[in-house]
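**Student:** My structure is below; once you've seen it, I'll send some questions.
The values are calculated or read from the model by the stated rules, or taken from the named source; none is laboratory data. In this text, all values refer to a predicted model and were calculated from it rather than measured experimentally. Every residue, glycine among them, receives a Cβ derived from its backbone with ideal geometry; neighbour counts consider all protein chains shown. Surface areas here come from the heavy atoms of the whole protein model, side chains and all, with no ligands, DNA or RNA. Shrake-Rupley method; radii C 1.70, N 1.55, O 1.52, S 1.80 Å.
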Amino acid sequence: MHNQSIQQLAQWIHQANEIVFFGGAGVSTASGIPDFRSAHGIYAGPHGKTYEEMLSHDYMLLHPEAFWDFYRNVMLYPDAQPNAAHDALAAMEAAGKLTSVVTQNIDGLHQTAGSQKVQELHGSVHRNYCMGCGKRFSLPEILPMDNVPHCPHCGDVIRPDVVLYGEPLDDDVTAAALRAIRTCDLLIVGGTSLVVYPAAGMIQYRRARCNLVLINRDDTAYDRQAELVIHQDIGEVLTEAWKLAQE
């Protein structure tokens, strides 16, 4: 797959000192985790409900049974494993090339693959906390609990530490992501249609001399702003480009 676009990306990776990867749902689909829209299509839940509504802060508070039923069936994939894209990014970080992964995903697969510098804009399914006493729980701890998990210490409802619709992004995570994007000399964006804001707007903070590479199955609104656009499988692209960059 030594096409011209892959070779150009490999050259930029070789030359770069601070690479940031900004990713979305398309990074994890090869691991068997569907994107939200596909996931909602396989869920036989209440008719007329959008996934935005069912994954909202208000819906969680007003309809905890329905929220957790949807969340458990659609958002949790505890057996999912990293794919070639996660592995390539972890290898780039280990080699000192990649300074940060900024992800919209909540599956934790970047960390499972070995990445340590990960900014999770929308939180993680692996972290949960009691809305009463604040005690924290891992994913394995809440999976065996009743549909709506309750804290064994105070009895209040446990919620996932993910950013629901109607909730703001975490200020510290956002600040760290923006710092990384502002200082990088190569910004690789992959597996995202760049339609979810405010996260998608972050790539506008890159420096003028920072090359922008978009790797996505479909066109995005940012294609014209990118120095390189690749419509191929993201795992194959990153694996091949990293291999070439090391030669």
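**Student:** Given (1) under 30 Å from E65 (Cα atoms); (2) in a strand (DSSP E or B), where does P140 come up short, assuming only one miss?
**Tutor:** (2)
**Student:** Now for a separate question. Can you say whether R182 is over 21 Å from H86 (Cα atoms) and in contact with a helix residue (DSSP H, G or I) (Cβ under 9 Å, 6 or more places away or on another chain), as far as the supplied structure shows?
**Tutor:** So R182 fits the description; yes.
**Student:** Does I203 qualify as being within 30 Å of D58 (Cβ to Cβ), among the aliphatic types (A, V, I, L, M) and modelled with pLDDT under 95?
**Tutor:** Taking the combined requirement at face value, the residue satisfies it.
**Student:** Anything in region 87-130 that is in a loop (DSSP other than H, G, I, E, B), under 22 Å from R72 (Cβ atoms) and touching a helix residue (DSSP H, G or I) at 6+ places or on another chain (Cβ under 9 Å)? List them, or say none.
**Tutor:** Across region 87-130, the qualifying residues are Q104, N105, D107, G108, H122.
**Student:** Tell me, which strands (runs of 3 or more DSSP E) wholly within region 174-247 include 3 or more residues that are buried (at least 19 other Cβ atoms within 10 Å of the Cβ)?
**Tutor:** Qualifying strands (runs of 3 or more DSSP E): 186-190, 211-215.
**Student:** Another question, if that's okay. Scan (1) surrounded by fewer than 17 Cβ atoms within 10 Å (Cβ to Cβ); (2) part of a loop (DSSP other than H, G, I, E, B) for the single condition R72 breaks and write down its number.
**Tutor:** Of the numbered conditions (1) surrounded by fewer than 17 Cβ atoms within 10 Å (Cβ to Cβ); (2) part of a loop (DSSP other than H, G, I, E, B), the odd one out for R72 is (2).
**Student:** Looking only at region 142-173, which residues are open to solvent by less than 10 Å² (accessible area, probe 1.4 Å) and over 22 Å from D107 (Cα atoms)?
**Tutor:** Result: C151, single match.
**Student:** Further, regarding this structure: Taking only pairs six or more apart or across chains, which ones have beta-carbon atoms under 6 Å, a first residue in region 142-165 that is in contact (Cβ under 8 Å) with a residue 24 or more places away in the chain and of a type in the set (K, R), and a second residue that is part of a loop (DSSP other than H, G, I, E, B) and open to solvent by 50 Å² or more (accessible area, probe 1.4 Å)?
**Tutor:** Close Cβ pairs satisfying both conditions: R159/M131.
**Student:** Looking at N83, N128, which one is open to solvent by less than 30 Å² (accessible area, probe 1.4 Å) and closer than 16 Å to G235 by Cα?
**Tutor:** It is N83.
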